[in-house]
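The values are calculated or read from the model by the stated rules, or taken from the named source; none is laboratory data. For clarity, every value in this text was computed on a predicted model and none was experimentally measured. All Cβ positions, even for glycine, are placed from backbone atoms using ideal geometry, and neighbour counts span all protein chains on display.
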Amino acid sequence: MSETESLVEALIEPMDTQLEDPSMTLLSDRREILPETRQSQTHKFCIAGHEGYLTIGLFQDGRPGEIFIKMSKEGSTLSGLIQGFCRAFSLALQHGLTTHDAADRFRGMRFEPMGITSNPEIPEASSILDYVARYLQIHFVERR
C-alpha cells in the first residue's frame with residue numbers, strides 16, 4: 001500500500017464520536033435543509049476600514065442555518081477564505097452545530113483585519129470571524 005493510499009484510508013476511517021469538550025454539540029449525520037424561500041437578516045459591518053455584509057439565512061424557527069459574508073475587496077485572498085469558512089460554517093449549522101457552540105468556537109480568533117468596528121454593540125473585533133461570532137451571540141444566542 002502506498003503512502004497516499006494510507007493517508008486516504010486514515011482520512012476516511014470512521015471518526016471517534018467522543019467530544020473533546022463534553023459541553024459541545026455532537027453533529028448529526030443528517031442535514032437539516034433550509035426551506036426554498038426563507039427569512040434572512042443582512043448586516044453591514046466595517047472592521048478597521050474593511051467593509052462587508054453578513055447575511056444570515058434562517059430556519060423557519062428563527063435559528064441561523066447559513067451565513068454569507070461579502071467583503072468589499074472582491075477577488076482578494078481574504079474574500080476567498082471567508083467564502084470557504086461560510087460554506088463550512090453553514091454546513092455545520094445544518095448538521096446540528098448550535099449557534100451557541102459556533103459562537104464559542106470562533107469568538108476571539110485573531111488575524112487581520114482587526115480593530116475598531118462600525119457597530120457600537122461590538123466596538124472592537126480581533127478578526128472577521130470574531131466579529132461574526134460575537135454578532136451571532138448577541139442577536140441569536142443571548143436574545144433567545
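Considering each of Ala92, Ala88, Ala102 in turn, give the residue that is in a helix (DSSP H, G or I) and loosely packed, with under 12 Cβ neighbours inside 10 Å.
From the options Ala92, Ala88, Ala102, the qualifying one is Ala88.
Selection of the range 124-144 for residues being among the hydrophobic types (A, V, I, L, M, F, W, C) and buried (at least 19 other Cβ atoms within 10 Å of the Cβ) yields Ala125, Ile128, Leu129, Val132, Ala133, Leu136, Phe140. If you go through the range 49-66 and keep only what is surrounded by 13 or more Cβ atoms within 10 Å (Cβ to Cβ) and over 19 Å from Ser28 (Cα atoms), you end up with His50, Glu51, Gly52, Tyr53, Leu54, Thr55, Ile56, Gly57. Taking every residue in the range 79-91 that is in contact (Cβ under 8 Å) with a residue 40 or more places away in the chain and within 23 Å of Glu32 (Cα to Cα) and pairing it with any residue that is surrounded by 14 or more Cβ atoms within 10 Å (Cβ to Cβ) and among the hydroxyl-bearing types (Ser, Thr, Tyr), at least 6 positions away or on another chain, yields no pair with a Cβ-Cβ distance below 6 Å. Quick check: is even one residue across the range 126-134 without any contact (Cβ under 8 Å) to a residue 60 or more places away in the chain, of a type in the set (Phe, Trp, Tyr), on the phi < 0 side of the Ramachandran plot and in contact with a strand residue (DSSP E or B) (Cβ under 7 Å, 6 or more places away or on another chain)? Looking for residues that are without any contact (Cβ under 8 Å) to a residue 60 or more places away in the chain, of a type in the set (Phe, Trp, Tyr), on the phi < 0 side of the Ramachandran plot and in contact with a strand residue (DSSP E or B) (Cβ under 7 Å, 6 or more places away or on another chain), one finds none in the range 126-134, hence no. Of the residues Glu112, Glu121, which is modelled with pLDDT of 95 or more and surrounded by fewer than 16 Cβ atoms within 10 Å (Cβ to Cβ)? Checking each option against the conditions leaves just Glu121.
If you filter the range 124-144 down to residues that are of a type outside the set (Asp, Glu) and outside any helix (DSSP H, G or I), you find that the one that is modelled with the lowest pLDDT is Arg144.
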